[in-house]
Structures are given as structure tokens and as C-alpha cells.
Amino acid sequence: MDNYNLDTGKKYIKDIFAPDCFYNVPEYQRPYVWGEEQITALLEDISKALDSDKKKEYFLGCMIWNTKIKRDDNLEYVCQDILDGQQRFITLYLLQAVIRDLSESESLRKKVSERMRQEKDEFDGIPERNRIEFEIRDDSNFLNEFVIRPEGTLNKCRLSEIIAEKDSSSVKNMANAILSMKKWWNFKLQEFESPQKYINDFYTFLSTKVLALYLATPNNLDDAYNLFTVLNSRGLQLQVSDILRAQNLREVKDHTLRKRLAKKWGDYENSIDLPYKSFDDFLWALVFIKMKYRSDDNQSLTKGFNFMYSRNYLEKGEGTFNYVGKYIDHLDKISNANFHQVSYENFFSNLVFILNTTFGNTYFAPLMHYKECFGEYRIVDFLIKLDNICSASWLTGKRNLQSRIFIMLRRMDDLKSRYSDPKACCDAFLDNEILVYDYQDEKASTQIDLQELFDLLESERWGSFSGSKINKTRYLLLKIDLLSTNLNTKLYYNRNTSSVEHLIPQKINYLDWNITEEEHRTWIHRLGNIVLVDRKKNASLSNNKYPIKKQKYKGSIENRANTNYIFMTYSHWNLNTLKENHERVVKMLKKYYLGNSLETLKQFQK
């Protein structure tokens, strides 16, 4: 930024909304998201500052702008793209409209109207324009009807309907913000004998004593973004995906297409769910699918996309939107098992559900790319093999999974270039050595020792796991449930209401259970002694004896196939039945991992 002059300073609210000041919410910004909690906190802070000392300034925070020169009806004027501070800025804009509609003062109402919208003044070079406009979203229509228009904020019924009906989260949140402000004011004004005087005092204080620091760069988005990432202090931080969207929208010259693509990008962001924590997280998967390796070239998400653009792996503009959209569609279809001709859909969705809630998202990139390369053909077969490789690597604590996945991605593309028949290509991939446990690559360690996993299944203290390791126990218990139930059954699990229960309790009287202290220590946390129960807490079962546990559980049987099997099969629980059950579940898991195929799964059903 050495080649640019950075404009900095402080502005009171009256200066921010002065006649020659105009603002724009650019297409890369996030929707308005403030809720009642943030709005009430801001109003309370300003109110307390006024009550404490109305001569003392109240600091609102820092705003970052990207300064642009615009032209309207042959009038050239300065406009600020809001890069940081959008949430506070829009809140202040809405607040002034609410105050206007509460006030009986004509001069106050006129002042607010001037700050909402500027009338044209050709002699001073000022265009007719709303003080704030939105580049892409449809928020402008909402502002015109409920904010710019006098008494627009009083239309409580219509605002409530918008909250219930509208698709746009930004419009919904602005409608909710207005109602939250009105609610706060209704309570606040009850404190005063002269409510109108307090409204005037509040607005005077807001205008002349509430201030914000601002930093503005000349028209250079990269500089503005760098400044934002260094100095961002409040509000909802931009992600790399926001800037990526802006950079690609600038490549699209057709305004109608730009608007349509910007809306699509918003839809993409809103569709992200497990296993991805954010849209940026999802975009990382797309970088790895394209590049199929990790290096300095993709050390960051920005570097990854810039590298793909520089090597023509990906086309800027509409090409990027289409690429992202294609994999968003794969994500949706896989997450919801939304297939046309796939058998065992419930098994597929159950297994994806287990991985999403316990394992993470590493497995999803090869699964999406499989869908891209081969469609729905034998996708259940691939998921079984992929899950087994991923889980075996994870459960044994190996760190070579990412290398194996990169090789899978390369192998899919390599086989596609060699086969003309898609189904024959897919069959060749599913029979490929890359999907065998002990595959060893020349350049990276990728081998998985299945015996090491089996030893862990036999002797690991799974029931003692806590923290992040508890997910491994949950995964195995859910996998046992999955293999124990009918393939058409929909698996249920909620970590907030499901818990791991020890059948022989952790704290016992050894004589009551006819077990020695050494035997208890050895077997208490083995797979054969732990189950999932659907309780917010398992305190109702906790340290009770087995017959009591069984009786209490009978009244709340859920879709826990393994737990149900144990309580239905065993009338008593002791060391012998524990060992018997342990042998059963470990044998089941070993058979499944060794078979590593849909055919093995079908045998469980027989």
C-alpha cells in the first residue's frame, strides 16, 4: 500500500451521514446478521453514555472503506464501499428511521430524512441518491419501503410477515432489527415523564457525540482487503470466499449475469453444512481436488486459487462459479443421498452421517470427485472402501491419509483418460490397488496395517476416551449399530442427547458383580462393555445394576440396534457375558473391514 495515500480520521454520526457522503455495500460483503442481542447491547451502551455524561464522546469502533469515484447524471461524486463496519453502519441507519417514526418533532423528522436520502443539488455536484445502496442484494427495496419512507418502521404486521416469509436472510434480519429497536424504545420511554424530550436528547447525543474512526484506501480492493485483515476489530469478519467472489464477479461484464452469479454464490454459502464448518472449508476441498497435492502453491486458500488461475487449471469469472456450483451439487446429493438409481440409499446416508458427526471432512473430497467422474454408478461400493481406509488410518493414529487421498484423486483422472466406457473405468478404479489397505506408494507412506487395527479393537480402552478422542469410540459404536440393523433403517445420533454407557459400571462393589479389581480394570472400557444410549445424560442408568438398567432402558428404546440387542439377549450381565459380547462385536468389525465390499455388507443382512 506504499503507493497509495491512506485517508484516516474520526467522524461523528452527523458527519458520516452528511450531504456529500454516500456508501455502498459491495457484492462481496456478507448479509446483515445482527440480532436482538447485539442491537440491544448497542442501544444500552449509547443510552448509558448519555445518562452518564452527555458531553462525553462515545466511541463506536473502526470502519474501513474503499473509496471510489462514481458518476450519476453527469455528476461525479465520491462513494465509499464498506469493507468493515457494515453491521454497525446499517444498524445506525435503521435506528435513525425508528427514531424518526417515534418522534413528534418535525425538525428531527426532516433531519433524519436528509440523512436517509440526499436530494439532488446540481450546483454542489450532489446526486439524488439513498445514503446507502446495495450493489447486488435486494435489500434496497426493503430500505425504500420501511426505512426511507416516513412511518415505514411502524408497519409491524408487514415486518413480521417478512421475517416469516422472506428468503433473504439480510432482509429478515433488518426487519427483525427494526422490531427489536421498537421493543427497546417502548420499554425505555416508560422511564420518562417527557418521552419526546428523551428522544430529542438521544438523537442529539447520537449525532454529535457518537463517533467512529475510519480508514479509507483509494480504489484498490486488494489494499483495502489487506488493511481489513490486519485491522479488523468488530463485526462479522470476511472470509477468503468473500474476496474470491468479488474478484470473479469483476471478470463478468454483463450486469444481469453478475447479479445472477452473485446470488448463486450466496446460495452456495447458505447450503454448506456438515462435514464442512464454513464455505472457506469447502473451497479448500475444491483446491485439493484440482491440484491433488499440498505444497507452497496452496499454502493458503488465496494462493491455491491464484495458482490454479495462473496455470489455467481454472477459468476466472463464470468458470469459477460453474466449478464451485458443480461440486455444491455433488455435496448436496451425497449429503442427502439424493440419487436416482442407487440401492442401499439408507445405508449410504447412515454411513455419511456417521463420518460427518465423528470423523470430519477429509473423506468428502474423493467422494465428491467420484460423483463427478463416475456419477452414481457403484457409489456405495466406493463409500465402503473409502470409509474403511479413512477410519482404519484414523483409528490407528496414522498421518498418511491425505497422501492416499491425493493419489486416489489422481488415479480417478488417470483412468478416465484411458477408458472410453465410464462404467468400465469405474470398475477398474474400484479394483485398483489404491483401494487396498496395504498399498504402498513410491513417494509417500500410505500403507495401513489392518492387524494393528484389529489389535486395537480387541484391547483398546475405548470407553475411557474423552475430549476429541471420544469421537473414535462414538464412531465404532455407531458402526456396530449400522452393521447390526436393517439396511433400510435410518440411523439416529445426537451428541447432545446420546451418551456412552458402561454396562458394568466404572464404580462398583466387586462382590456384587462377582469380579476382581484386576478383571474390572482390564474389561471395563472394552467395546463389549460400552453402548450408546439416547439420554441427555446417562445418570438415570449410571451405576445401577444390570437388571435395573435393562428395566429403565425398556421404556425408552430408540434406534440403537446394538444396545437393543444386548438388553434383549442378556437377562444378566457379568464378566462372561461381557466377554461373549466383546467377541461378537469385534468379530463383526473384523469381518466388515476384511471384506471391504458391498457383498460383505449383504452377508450381515443374511
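The values are calculated or read from the model by the stated rules, or taken from the named source; none is laboratory data. Values in this document were obtained by computation on a predicted structure and should not be read as measured data. Positions of Cβ are generated from backbone atoms using ideal geometry, with glycine treated the same way; all protein chains shown enter the neighbour counts. Keep in mind that these areas ignore ligands, DNA and RNA; they rest on the heavy atoms of the full protein, side chains included. Shrake-Rupley method; radii C 1.70, N 1.55, O 1.52, S 1.80 Å.
Amide H contacts of V210 (H built 1.01 Å from N, in plane; Pro and chain starts excluded): I13, Y58 sit under 5 Å, all sequence-distant by 5 or more or on other chains. In the context of the full set of protein chains, residues of the chain present 47 Å² of accessible surface per residue (probe radius 1.4 Å, heavy atoms only).
Would you mind pulling out the separation of the Cα centroids of region 363-377 and region 273-352, in Å? So the separation of the two Cα centres works out to 10 Å.
Put simply, the amide H of R294, placed in the peptide plane, has no neighbours under 5 Å, leaving out anything fewer than 5 places away on its chain. Spacing of the modelled spin labels on N400 and K70, each 7 Å from Cα toward Cβ, amounts to 5.8 nm.
Of the peptides 201-214, 520-533, 435-448, the order by per-residue mean of other Cβ atoms within 10 Å, starting with the highest, comes out as 520-533, 201-214, 435-448. Packing, as the average of other Cβ atoms within 10 Å across residues, places the peptides 506-516, 453-463, 96-106 in the order 96-106, 453-463, 506-516, highest first. Lysines near K591 by alpha-carbon distance under 23 Å, same-chain residues fewer than 8 away left out - which ones? Candidates past the 8-residue exclusion: K385, K398, K472, K479, K490, K579, K602, K606. If you sort D20, D534, D413 by accessible surface, 1.4 Å probe, largest first, the order is D20, D413, D534. Helix screen, the chain: DSSP H segments with Cα axial length of 27 Å or more and mean Kyte-Doolittle hydropathy at least -1.0 are 169-188, 575-595.
Taking amide H as placed 1.01 Å from N in the peptide plane, the amide H of R117 sits under 5 Å from that of R131, each at least 5 places away or on another chain.
In whole percent, and with a 1.4 Å probe on the protein chains, what portion of the accessible area of the chain is carbon and sulfur? Ligands and nucleic acids excluded, carbon and sulfur give 45 percent. Is the shape of region 71-112 best called rounded, prolate or oblate, per the rule: a/c under 1.5 gives rounded, else a/b larger than b/c gives prolate, else oblate, with a ≥ b ≥ c the square roots of the Cα gyration tensor eigenvalues? It is oblate, given that a/c is not under 1.5 and a/b is not larger than b/c.
A Förster radius of 30 Å, combined with the Cβ-Cβ distance separating Y309 from L274, puts the computed FRET efficiency at roughly 0.50. In the chain, helices alone account for a calculated mean residue ellipticity at 222 nm of -16500 deg cm²/dmol, with every DSSP H run of four or more residues adding -39,500 (n - 2.57). Using Cα centres only, tell me the gap between region 420-471 and region 58-76 in whole Å. Using only Cα atoms to place each centre, the spacing works out to 55 Å. Exceedance of the 30 Å cut-off in Cα-Cα distance is limited, within the set K14/K263; K14/K264; K277/K316, to K14/K263; K14/K264.
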